[in-house]
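See structure below.
All of the numbers you see were taken from the coordinates with simple rules; none came from a lab. Quick caveat, the model's predicted, so the values are computed rather than measured. Heads up, the Cβs are rebuilt from the backbone with ideal geometry, glycines too, and the neighbour counts pull from every protein chain shown.
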Amino acid sequence: MNLIVAVDNNWAVGYKGGLLTYLPGDLPYFKEKTMGKIIIMGRKTLESLPGGRPLKDRTNIIMTRDKEFTCEGAKICYNKDEVLEYVKQYTCEDIFIIGGAEIYNLFMNECKKAYITKIYKEMPADKHINNMDKLDNWKVTWESEKQEHEGLVYQWTVYENVNM
């Protein structure tokens, strides 16, 4: 499995139910990595998407504790074990965790790669993930050139879990 996320200097990932900021260059990167793949997200992340609907041209898996929750066009799972059992039918490289913070932290050690967009600033935030720079099992294996949008500097990085 993989995860894909944008983080700030404090490894924040969200604010008031949305992304930290809008990075137009990051959207095509996310689409390129996840198109045609299996994506796993929490219910709140689904609700934050345009129209609150699953992302097109991807297999959407939604995690929720709400047994009454339904979503046309998505597989609903109620716990981590159920997700892991369901994704056994897919190639690990094709599976992406896409949020939110609780889901990232829950599946982080199940992932082999992490596609991290680093935003070099502290942003207003209320959701954070574990800081991979402080975890012994995660190492940076690739970094892009730094990008800039309206004064905001960011960079794409790939981390690999050395325990996998």
(request) Could you tell me which trypsin sites (Lys or Arg not before Pro) in the stretch 1-101 are loop residues by DSSP with no more than 12 other beta carbons within 10 angstrom of their beta carbon? (result) Lys16, Lys56, Arg65, Lys67
(request) Give the calculated FRET efficiency between Gln155 and Met35 to the nearest 0.05, with a Förster radius of 30 Å applied to their Cβ-Cβ distance. (result) 0.85
(message) If amide hydrogens are placed 1.01 Å from N in the peptide plane, which non-local residues have theirs closer than 5 Å to the one on Asp8?
(response) Ile119
(request) Could you tell me the convex hull volume per residue, in Å³, taken over the Cα atoms of the chain? (result) 114 Å³
(message) For a quick check of your reading of the filter: which trypsin sites (Lys or Arg not before Pro) in the stretch 113-164 sit in a DSSP loop and have no more than 15 other Cβ atoms within 10 Å?
(response) Lys121, Lys146
(message) Antiparallel versus total DSSP beta bridges in the stretch 29-164: what percent is that, nearest 5?
(response) 55 percent
(message) Using 20 Å as the Cα-Cα cut-off, could you pick out the over-long pairs in Lys31/Lys134; Lys37/Lys75; Lys31/Lys56; Lys113/Lys134; Lys37/Lys146?
(response) Lys31/Lys134; Lys37/Lys146
(request) Sort the stretch 102-164 into rounded, prolate or oblate with this rule: let a ≥ b ≥ c be the square roots of the eigenvalues of the Cα gyration tensor; rounded if a/c is under 1.5, and if a/c is not under 1.5, prolate when a/b is larger than b/c, oblate otherwise. (result) oblate
(message) For a quick check of your reading of the filter: which chymotrypsin sites (Phe, Trp or Tyr not before Pro) in the stretch 14-114 sit in a DSSP loop and have no more than 11 other Cβ atoms within 10 Å?
(response) Tyr22
(request) Using a 10 Å Cβ count of at most 11 others and DSSP loop calls, identify the longest part of the chain lacking such GluC sites (Glu not before Pro). (result) 1-67
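Expected output is a single nm value to one decimal: the length gained when fully extending between Tyr15 and Glu82, i.e. 0.36 nm times separation in residues minus the C-alpha distance. What is it?
Extending this stretch completely gives an extra 21.3 nm.
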(message) Spelling out what I want: for every residue of the stretch 123-137, take phi, set θ = phi - 60°, compute 6.51 cos²θ - 1.76 cosθ + 1.60 (Karplus), and round to whole Hz; glycine and proline get x.
(response) 10, x, 7, 9, 10, 10, 10, 4, 6, 5, 5, 9, 9, 4, 8
(message) Using Cα-Cα distances under 8 Å and only pairs 6 or more residues apart, what relative contact order does the chain have, in percent?
(response) 32 percent
